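Participant: Here it is, the structure, as structure tokens.
The values are calculated or read from the model by the stated rules, or taken from the named source; none is laboratory data. The model shown is predicted, which means the values in this text are computed figures rather than measured ones. Here Cβ is always computed from backbone atoms with ideal geometry, including for glycine, and neighbour counts include all displayed protein chains.
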Amino acid sequence: MADKCHMCLLGLIILCPLFTGSSGVNDTVFCNSGENVRLPCNNALSDCNSTTWIYKKHSGTVELVAGGEKKNDIERHERLSLGSDCSLNIKKVTKEDYGFYSCRQYVNGQQQGTDACVYLHFLDVSSSSSQTEMRPGSSVTLSCQLYYDGVSCDTLVRTEGIQLIWVNQAGVNLQTDSRYQISFSSTHCNSTLTTTLLNEDHNREWRCQVKQRNELKTSVTYTVNYSAPVDTTTLIPVSSSNSEKKSSQTTAAVPTQQDTQITPTPETTSAPITTQQVSPSVIGIVVAAALAVLLPAVIFWVICKKRADNRRETNDPVEHKDDVTYTEVATYCKIQAKKNKVHDDDKVTYSSIRGATAEPQDDCSQLYASVNKNHHK
């Protein structure tokens with residue numbers, strides 16, 4: 001029975017490409033994981049009550065839709081639906097969905113015309129390393145495989161113009177970049193990309209595209225995620241001769257000459273701390289604390305200097321000019337209980353004291369004060 005099914009499948013695969021026109025048109029649909037795809041039915045009649053969808057793969061043949069109604073006894077029943085134009089819609093495609101589909105029309109139990117054949121090809125990308133193994137310096141190999149059925153990969157490449165191309169996130173072909181080793185196997189329609197990861201590869205995207213006669217059909221993106229963030233504050237490139245060599249060389253952690261290292265205490269086992277690792281907030285706190293200490297000290301010093309200047313001005317002698325300066329001394333006696341009678345013959349001689357500033361060459365002997373008193377006899 002299995003041999004008969006294989007023979008029937010082989011016959012359908014051979015016969016479908018032979019028919020063209022409205023009676024039978026072959027289509028190829030490319031997809032990747034999670035997409036929603038539509039498989040056209042190019043031989044549909046006026047309504048879909050006559051439509052039957054059959055799925056064929058090397059594992060066997062399954063009837064998905066009969067008389068315009070979905071079969072309930074199939075595993076992917078919930079993901080299938082019939083469009084208004086009798087096309088077959090598949091939600092969230094998986095690798096198990098690739099294969100050979102045919103749309104067939106029956107009227108009163110009799111098949112009308114030939115099958116409309118649709119080939120569903122599935123594109124998938126996988127990695128030789130898990131995400132936890134992703135780190136700078138390690139080697140990674142990405143595999144881009146096209147899953148197909150019915151014909152050989154050589155036939156797809158030669159007659160259908162199928163190509164698998166690796167590009168970066170900017171869409172640039174990586175085939176000419178010496179950093180990447182890319183090889184293609186026509187046995188399994190598989191293209192592999194091998195490279196050594198760099199620090200800057202974190203969150204980098206590489207994309208595998210499938211093209212048919214230079215027309216993009218679908219693509220799958222692979223994103224590199226390191227398990228732990230890479231500290232690149234003190235990382236400098238080993239070689240910087242040109243931009244191409246920068247991207248192909250690994251980077252090394254070399255401290256720059258401007259880094260100031262702090263020797264850890266016996267209890268400290270952490271790595272030396274560099275000035276580039278001090279956060280701006282810490283620097284701000286240190287500056288604010290320094291200002292808080294210095295500002296009161298400056299104010300206190302200014303106040304003390306002012307007081308000292310005032311005290312010095314008070315103690316300095318009053319400078320007198322050479323102009324005449326007189327000092328008058330008057331003495332009054334307020335005691336009136338006893339009044340002395342002044343004799344007429346008493347004579348009082350008043351003395352005035354004149355202050356002068358003598359120059360070093362002046363004769364100080366002429367500066368004197370005399371008091372003459374006549375005694376009454």
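Participant: Somewhere in segment 104-115, is a residue under 42 Å from the mean Cα position of the chain (by Cα) and either crowded, with 19+ Cβ neighbours inside 10 Å or hydrophobic (A, V, I, L, M, F, W, C) (or both)?
Facilitator: Within segment 104-115, none of the residues are under 42 Å from the mean Cα position of the chain (by Cα) and either crowded, with 19+ Cβ neighbours inside 10 Å or hydrophobic (A, V, I, L, M, F, W, C) (or both).
Participant: May I ask you to list pairs of residues, at least six apart or on different chains, whose Cβ atoms are under 7 Å apart, with the first in segment 38-49 being closer than 13 Å to Q112 by Cα and at pLDDT below 95 and the second being hydroxyl-bearing (S, T, Y) and not in a strand (DSSP E or B)?
Facilitator: N43/S23
Participant: If you don't mind, there's one more thing I want to ask. Which of the residues that make up segment 71-94 are out of contact with any Lys or Arg (no Cβ under 7 Å at 6 or more places or on another chain), of a type in the set (S, T, Y) and within 14 Å of T51 (Cα to Cα)?
Facilitator: S81, S84
Participant: Sticking with this one: Run T141 past the list (1) within 23 Å of R213 (Cβ to Cβ); (2) surrounded by fewer than 17 Cβ atoms within 10 Å (Cβ to Cβ) and report the number of the one that doesn't hold.
Facilitator: So T141 meets the others, but not (1).
Participant: Within the bounds of segment 137-146, is there any residue that is more than 25 Å from the chain's Cα centre (by Cα), at pLDDT below 95 and of a type outside the set (S, T, N, Q)?
Facilitator: Scanning segment 137-146 turns up no residue that is more than 25 Å from the chain's Cα centre (by Cα), at pLDDT below 95 and of a type outside the set (S, T, N, Q).
Participant: Can you tell me which residues in segment 66-101 are assigned to a strand (DSSP E or B) and either over 22 Å from G34 (Cα atoms) or charged (D, E, K, R) (or both)?
Facilitator: A66, E69, K70
Participant: Quick one: which of Q145, Q163 is touching a helix residue (DSSP H, G or I) at 6+ places or on another chain (Cβ under 8 Å), assigned to a strand (DSSP E or B) and not small (G, A, S)?
Facilitator: Answer to the selection: Q163.
Participant: For segment 190-208, how many residues meet the condition of being surrounded by fewer than 17 Cβ atoms within 10 Å (Cβ to Cβ) and under 25 Å from the mean Cα position of the chain (by Cα)?
Facilitator: Count: 5.
Participant: Can you pull out every residue in segment 124-138 that is part of a strand (DSSP E or B) and surrounded by 12 or more Cβ atoms within 10 Å (Cβ to Cβ)?
Facilitator: Hits for segment 124-138 are D124, V125, S127.
Participant: Just need a number here: residues in segment 54-84 that are of a type in the set (D, E), at pLDDT 90 or above and within 19 Å of C31 (Cβ to Cβ).
Facilitator: Looking only at that region, the number is 1.
Participant: If I filter segment 179-189 for residues that are buried (at least 16 other Cβ atoms within 10 Å of the Cβ) and touching a residue at least 24 places away in the same chain (Cβ under 8 Å), do I get at least one hit?
Facilitator: Looking for residues that are buried (at least 16 other Cβ atoms within 10 Å of the Cβ) and touching a residue at least 24 places away in the same chain (Cβ under 8 Å), one finds at least one in segment 179-189, hence yes.
Participant: Turning to a different aspect of this structure: Filter segment 176-231 down to the residues that are among the charged types (D, E, K, R) and assigned to a strand (DSSP E or B), then identify the one that is nearest to L142 (Cα to Cα).
Facilitator: For segment 176-231, the residue satisfying everything is R207.
Participant: Looking at G68, is it at positive phi, of a type outside the set (D, E, K, R) and either exposed (fewer than 15 other Cβ atoms within 10 Å of the Cβ) or assigned by TED's automatic domain parsing to the domain that holds F184 (or both)?
Facilitator: yes
Participant: Which count do you get for residues in segment 148-160 that are out of contact with any helix residue (DSSP H, G or I) (no Cβ under 9 Å at 6 or more places or on another chain) and either without any contact (Cβ under 8 Å) to a residue 24 or more places away in the chain or small (G, A, S) (or both)?
Facilitator: Residues that pass the stated criteria total 4.
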